[in-house]
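Everything below concerns the one structure shown next.
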Amino acid sequence: MNRAVFFSGPGTVYAYTVKEGSEQVLEVYPETLPALRFLRRRGFCLVLITSDRQEFKNFLNCFKYKTLELSHWNGEMEELNRLLSEKDIDLKESCLITDGPYLKLLENMGCRILLVLTGKGVCTLNSLDLSEGPGVIDICKNIYSAAFSIALN
């Protein structure tokens, strides 16, 4: 069975900024590519979680001159089941890196959770009751520090 790192997009690995003409542009955080490469070299399948397929394509386009093997999950349970069987992923050995989205869904399925403080992470942290169960296993500054936390644990 394979291990995977699921990660939500906006706030965790990229942000949308408004450019001239009020056009939103996806800007990947500088630490994202090194973190994802680090995790991939350690044998993790990488899965971006976003309900918008075009957002997934835009994210991949940010790396057009670099190679990065990446899967997509749209947040639907039937799609998750297909992905898990296709990639032979064990959720109990996998992690979610997030600033809040999908936290409870994957936690309830046994996935380990790492909260990053980028995006809405600080607000999410303030709303969590960390004493109520295993939940979040680590709180990290960004995806790069989360990648090292995963490798060390």
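The values are calculated or read from the model by the stated rules, or taken from the named source; none is laboratory data. Please read all numbers here as calculations on a predicted model, not as lab measurements. Here Cβ is always computed from backbone atoms with ideal geometry, including for glycine, and neighbour counts include all displayed protein chains. Note: areas computed on protein heavy atoms with side chains; ligands, DNA, RNA excluded. Shrake-Rupley method; radii C 1.70, N 1.55, O 1.52, S 1.80 Å.
So which of 19/120; 104/141; 66/92; 57/92; 64/141 end up more than 24 Å apart, counting from Cα to Cα? Before the final figure, lay out the partial values.
Numbers: 19/120 21 Å; 104/141 20 Å; 66/92 30 Å; 57/92 28 Å; 64/141 27 Å.
Those over the limit are 66/92; 57/92; 64/141.
Just the Kirkwood number for segment 4-152, please: inverse of mean 1/r across all distinct Cα pairs, in Å, one decimal. Write down the numbers at each step before the final one.
Details: mean 1/r = 0.0641 Å⁻¹.
Roughly 15.6 Å, rounded to one decimal.
Hey, how many Å between the Cα centroid of segment 18-84 and the Cα centroid of segment 89-107?
Centre-to-centre distance over Cα atoms comes out at 15 Å.
If I take every Cα pair under 8 Å that is 6 or more residues apart in segment 1-44, average their sequence separation and divide by the length, what percent do I get for the relative contact order? The partial results should precede the final answer.
Values: 33 pairs, mean separation 16.9, N = 44.
It comes to 38 percent, rounded to a whole number.
Normalised by the residues of segment 4-152, what does the relative contact order come to in percent, with Cα pairs under 8 Å and at least six apart?
Working: 235 pairs, mean separation 39.3, N = 149.
Normalised by residue count, the contact order of segment 4-152 is 26 percent.
Once label points are set 7 Å from the Cα along Cα→Cβ at both residue 104 and residue 128, what is their separation, rounded to one decimal in nm?
That separation, rounded to one decimal, is 1.5 nm.
Given only helices, namely DSSP H runs of n ≥ 4 each adding -39500 (n - 2.57), what is the per-residue ellipticity at 222 nm of the chain, to the nearest 500 deg cm²/dmol?
Details: 6 runs with 53 residues, N = 153.
That comes out to -9500 deg cm²/dmol.
Quick one: which residues, 5 or more positions from residue 29 or on another chain, have an amide H under 5 Å from its amide H? H modelled 1.01 Å from N in the peptide plane, none for Pro or chain starts.
Answer set, sorted by chain and number: 14, 15.
Can you list the HN-Hα couplings for segment 91-107, worked out from phi with the Karplus curve (6.51, -1.76, 1.60; θ = phi - 60°), rounded to whole Hz and with x for Gly and Pro?
5, 5, 9, 9, 10, 10, 10, 8, 9, x, x, 6, 4, 6, 4, 6, 4
Based on the mean of other Cβ atoms within 10 Å per residue, sort peptides 5-16, 87-98, 23-34 so the most packed one is first.
Numbers: 5-16: 22.6, 87-98: 19.2, 23-34: 14.3.
Descending mean neighbour count gives 5-16, 87-98, 23-34.
With every protein chain kept in the model, how would you rank 1, 77 by accessible area, 1.4 Å probe, largest at the top?
On the way: 1 150, 77 75 Å².
Largest to smallest exposure gives the sequence 1, 77.
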